[in-house]
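Working notes, beginning with the structure itself.
The values are calculated or read from the model by the stated rules, or taken from the named source; none is laboratory data. What you see is a predicted model; the values in this text were computed from it and never measured. Counting neighbours? That spans all protein chains shown, and the Cβs are built from the backbone with ideal geometry, glycine included.
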Amino acid sequence: MELFQSDTQVTFEDQQKINRFARTNARLMDLKEELTSKEKHLENLTDAEDELMMAEGDNELVPYPFIGEVLVEMSAEEAQAALETAKETCQGEIDALKAQADGYKQTLSDLKTQLYAKFGTNINLDLDEES
């Protein structure tokens with residue numbers, strides 16, 4: 001099966017664009033997985049914050065993850081502040097990942113336009129995009 005019509009020549013520059021498209025798409029897919037993980041982490045932090053507010057009247061020390069699986073006991077106020085800081089940090093990371101994903105999407109769009117302009121229906125760059 002022939003990928004391109006015989007009258008359409010694939011130049012070195014064209015091949016570089018195709019390769020760049022593939023690499024950028026792979027990076028975008030990896031970034032989407034990382035973004036999903038960060039969003040789940042933010043959701044878990046929000047849930048922990050909600051649980052802490054429900055138990056706030058106890059004035060007891062509460063366990064808070066410090067490093068890895070090490071738990072440190074701190075007051076509910078300290079835990080609340082630590083959770084808020086963790087949420088802000090996580091949201092910042094999510095925003096940065098979304099901005100990077102937008103950059104990748106723009107690059108993919110530009111490359112699609114250039115490659116489709118030259119190869120038309122002889123090349124398929126459509127992706128199964130979830131977002």
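Conditions (1) exposed (fewer than 12 other Cβ atoms within 10 Å of the Cβ); (2) over 30 Å from Asp14 (Cα atoms); (3) β-branched (Val, Ile, Thr); (4) touching a residue at least 12 places away in the same chain (Cβ under 8 Å), marked per residue:
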residue	(1), (2), (3), (4)
Val72	no, yes, yes, no
Glu84	no, yes, no, yes
Gly103	no, no, no, no
Phe119	no, no, no, yes
Kindly list the number of the only condition in (1) loosely packed, with under 13 Cβ neighbours inside 10 Å; (2) closer than 30 Å to Glu13 by Cα; (3) at pLDDT 95 or above that fails for Thr36. (2)
